[in-house]
1. Which numbered condition in (1) within 22 Å of Lys38 (Cβ to Cβ); (2) in a loop (DSSP other than H, G, I, E, B); (3) in contact (Cβ under 8 Å) with a residue 12 or more places away in the chain; (4) not small (Gly, Ala, Ser) is the only one that Thr93 fails?
2. Of the residues in segment 145-167, how many are outside any loop (DSSP other than H, G, I, E, B) and buried (at least 20 other Cβ atoms within 10 Å of the Cβ)?
3. From the set of residues in segment 113-144 that are of a type in the set (A, V, I, L, M, F, W, C), in a loop (DSSP other than H, G, I, E, B) and more than 23 Å from the chain's Cα centre (by Cα), which is surrounded by the most Cβ atoms within 10 Å (Cβ to Cβ)?
4. If Arg110 meets every condition in (1) open to solvent by less than 40 Å² (accessible area, probe 1.4 Å); (2) in contact (Cβ under 8 Å) with a residue 40 or more places away in the chain apart from one, which number is that one?
5. Select from segment 169-197 the residues that are of a type in the set (Gly, Ala, Ser) and either assigned to a strand (DSSP E or B) or surrounded by 21 or more Cβ atoms within 10 Å (Cβ to Cβ) (or both) and write down the one among them that is farthest from the chain's Cα centre (by Cα).
6. Pairs needed: first member in segment 173-201, closer than 20 Å to Asn20 by Cα; second member anywhere, open to solvent by less than 30 Å² (accessible area, probe 1.4 Å) and of a type in the set (Lys, Arg); C-beta distance under 9 Å; at least 6 residues apart or different chains.
Amino acid sequence: MEVSVLNIKGQETGRKVTLNDAIYGIEPNDHVIYLDVKQYLANQRQGNAKSKERSEISGSTRKLGRQKGGGGARHGDINSPLLRGGARVFGPTPRDYSFKLNKKVKQLARKSALTYKAQENAIVVVEDFTLDAPKTKEFVNIAKNLKVDGKKSLFVLAGDNTNVYLSARNLQGTEVVEAQSVNTYKVLNADVLVISEKSLEVIDGILNK
């Protein structure tokens, strides 16, 4: 599949790049996409629900009454779960929601997601660019020139470009990532992918291993 390379003014440069069929032209696998997205969302969960156990309650450990002869049930200290202000029995503890996913499964999921975008003609290839300073207005103009303004867009750059990242940070529906950080969830969550030329090479190198 050939795609024309645009400059940041939205004009064709006269060059074309061929998208690798091994990445952008495979038979998509919906199940591995589900697994990869599930893992990504699970990794975002903090699992910080926590209640105090008996040993964590601040209170005296003095036995409240004698063991026998009191005419009632036996009591330990005031931290007992049976008493108001005491501990909780079998309460929640911080949980790790992450789970393992094989590397080949994750690669297949990313290839499948990129294939879907290619089938939808939702991939825009732009020549490598940078900004001299963080300028949101300048970045907005680039998005308008590329006709991706008003859409959920994912800009994929070859390396760390702080000025571009800062320029897009406050724009709703727009995200800038490095090519090595592209994942299935972000690809599918975007309406259109704007990929720089060098990023294509980085993605090829990662997904063809």
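1. Going through (1) within 22 Å of Lys38 (Cβ to Cβ); (2) in a loop (DSSP other than H, G, I, E, B); (3) in contact (Cβ under 8 Å) with a residue 12 or more places away in the chain; (4) not small (Gly, Ala, Ser) one by one, Thr93 breaks only (1).
2. Step one: of segment 145-167, the residues outside any loop (DSSP other than H, G, I, E, B) are 145, 153-157, 162-167.
Okay, now just the ones that are also buried (at least 20 other Cβ atoms within 10 Å of the Cβ), so 153-157, 164, 167.
Counting residues in segment 145-167 that are outside any loop (DSSP other than H, G, I, E, B) and buried (at least 20 other Cβ atoms within 10 Å of the Cβ) gives 7.
3. To start, the set of residues in segment 113-144 that are of a type in the set (A, V, I, L, M, F, W, C) comprises 113-114, 118, 122-126, 129, 131, 133, 139-140, 142-143.
Those left that are additionally in a loop (DSSP other than H, G, I, E, B): 122, 129, 131, 133.
From the residues that got through so far, the ones that are more than 23 Å from the chain's Cα centre (by Cα) too are 129, 131, 133.
Values: Phe129: 14, Leu131: 18, Ala133: 8.
By that ranking, first place goes to Leu131.
4. If we test Arg110 against (1) open to solvent by less than 40 Å² (accessible area, probe 1.4 Å); (2) in contact (Cβ under 8 Å) with a residue 40 or more places away in the chain, just (1) comes out false.
5. Ser196
6. Val187/Lys117; Leu188/Lys117; Val192/Lys117; Leu193/Lys117
The values are calculated or read from the model by the stated rules, or taken from the named source; none is laboratory data. For clarity, every value in this text was computed on a predicted model and none was experimentally measured. All Cβ positions, glycine included, derive from the backbone under ideal geometry; neighbour counts span all protein chains shown. All accessible areas refer to the heavy atoms of the entire protein, side chains included, with ligands and DNA or RNA removed. Shrake-Rupley method; radii C 1.70, N 1.55, O 1.52, S 1.80 Å.
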